[in-house]
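The structure appears below as structure tokens.
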């Protein structure tokens with residue numbers, strides 16, 4: 001249930017956090033970033049302590065007073081334990097999140113803490129959170145992200161919370177990490193009626209089949225996908241790879257995206273994404289031609305990532 005004015009207070013609080021705690025690639029939770037309040041169970045526990053104290057004072061019963069003081073001590077110690085459970089917890093982003101349209105993404109994080117129990121992680125405003133029961137030392141963690149349409153998004157604030165040890169206090173923090181979520185077009189095989197590459201696919205297949213049996217000894221820098229693993233198992237001292245034909249090495253593979261809009265553009269981007277992945281798998285040099293922008297011929301994972309990012313922003 002949203003109380004009147006709660007939305008305005010939430011927006012004001014977010015603006016305050018953006019001003020005081022800007023996004024960082026790595027951060028450590030300190031007393032300025034940690035908030036703690038009694039839970040519903042903790043409030044009832046505090047009411048019980050007060051009632052016991054009043055009852056013991058009214059009837060001058062030292063045993064009841066001793067019980068109330070012990071419960072009060074337990075409540076205060078639990079508050080300190082809940083705070084130090086998150087205190088000095090360090091978070092760092094390992095890389096930007098990458099996924100395809102229609103699929104959930106995951107942000108790789110590095111968490112470090114001396115001893116943190118029952119940690120819940122999620123996005124701010126998201127009800128479902130992931131549980132990390134025990135965090136000791138350094139650990140990598142994949143934060144699940146929701147399904148989003150194609151594009152580039154800034155990572156919203158996270159919510160880290162815990163009710164350890166007894167559920168009497170809610171301890172939480174809203175850290176902001178500087179990371180991006182890249183949502184690429186969903187790969188889709190191109191139709192024969194709408195080719196995107198300037199090269200002839202049939203000619204490429206024929207060339208690949210003609211030169212498929214050309215072999216050479218393995219050299220440093222050869223693609224692992226071209227290693228003949230069956231021969232490597234029988235002769236581990238003589239690794240052999242498929243030799244890239246000279247004609248195929250010199251061929252220029254261009255993936256073109258025409259100037260379209262609406263569903264036609266999304267379909268063209270999906271087909272271009274599929275073809276870029278296929279060209280990278282075969283080890284060919286390829287370039288990307290977009291309306292108003294061209295990426296030069298190259299190959300490698302970094303070049304593929306640059307091309308996919310351009311498709312996401314198209």
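The values are calculated or read from the model by the stated rules, or taken from the named source; none is laboratory data. Keep in mind the model is a prediction, meaning the values are calculated, not measured. Every residue, glycine among them, receives a Cβ derived from its backbone with ideal geometry; neighbour counts consider all protein chains shown.
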Please tell me if residue 120 is in a strand (DSSP E or B) and touching a helix residue (DSSP H, G or I) at 6+ places or on another chain (Cβ under 8 Å). no
When the residues of segment 1-26 are narrowed to those that are modelled with pLDDT of 90 or more and in a loop (DSSP other than H, G, I, E, B), which ends up surrounded by the fewest Cβ atoms within 10 Å (Cβ to Cβ)? 22
Criterion violated by residue 31 - all others in (1) exposed (fewer than 13 other Cβ atoms within 10 Å of the Cβ); (2) at pLDDT 95 or above; (3) not in a helix (DSSP H, G or I) satisfied: (2)
Among the listed residues 71, 48, 37, identify the single one that is closer than 18 Å to residue 166 by Cα, touching a residue at least 12 places away in the same chain (Cβ under 8 Å) and not in a helix (DSSP H, G or I). 37
Quick check on my filter: what residues within segment 165-174 are surrounded by 21 or more Cβ atoms within 10 Å (Cβ to Cβ) and in a loop (DSSP other than H, G, I, E, B)? 168
So which residues in segment 74-100 are in contact with a helix residue (DSSP H, G or I) (Cβ under 8 Å, 6 or more places away or on another chain) and either assigned to a loop (DSSP other than H, G, I, E, B) or closer than 30 Å to residue 304 by Cβ (or both)? 98, 100
Within segment 257-275, is even one residue in contact with a helix residue (DSSP H, G or I) (Cβ under 8 Å, 6 or more places away or on another chain), at pLDDT 90 or above, buried (at least 17 other Cβ atoms within 10 Å of the Cβ) and not in a helix (DSSP H, G or I)? yes
Exactly one of 97, 106, 101 is in contact with a strand residue (DSSP E or B) (Cβ under 6 Å, 6 or more places away or on another chain), under 30 Å from residue 272 (Cα atoms), surrounded by 13 or more Cβ atoms within 10 Å (Cβ to Cβ) and without any contact (Cβ under 8 Å) to a residue 60 or more places away in the chain, and that residue is 106
Residues (in contact with a helix residue (DSSP H, G or I) (Cβ under 8 Å, 6 or more places away or on another chain) and surrounded by 16 or more Cβ atoms within 10 Å (Cβ to Cβ)) located in segment 131-161: 150, 157, 160
With 304, 290, 260, 265 as the choices, which residue is under 24 Å from residue 95 (Cα atoms) and not assigned by TED's automatic domain parsing to the domain that holds residue 151? 304
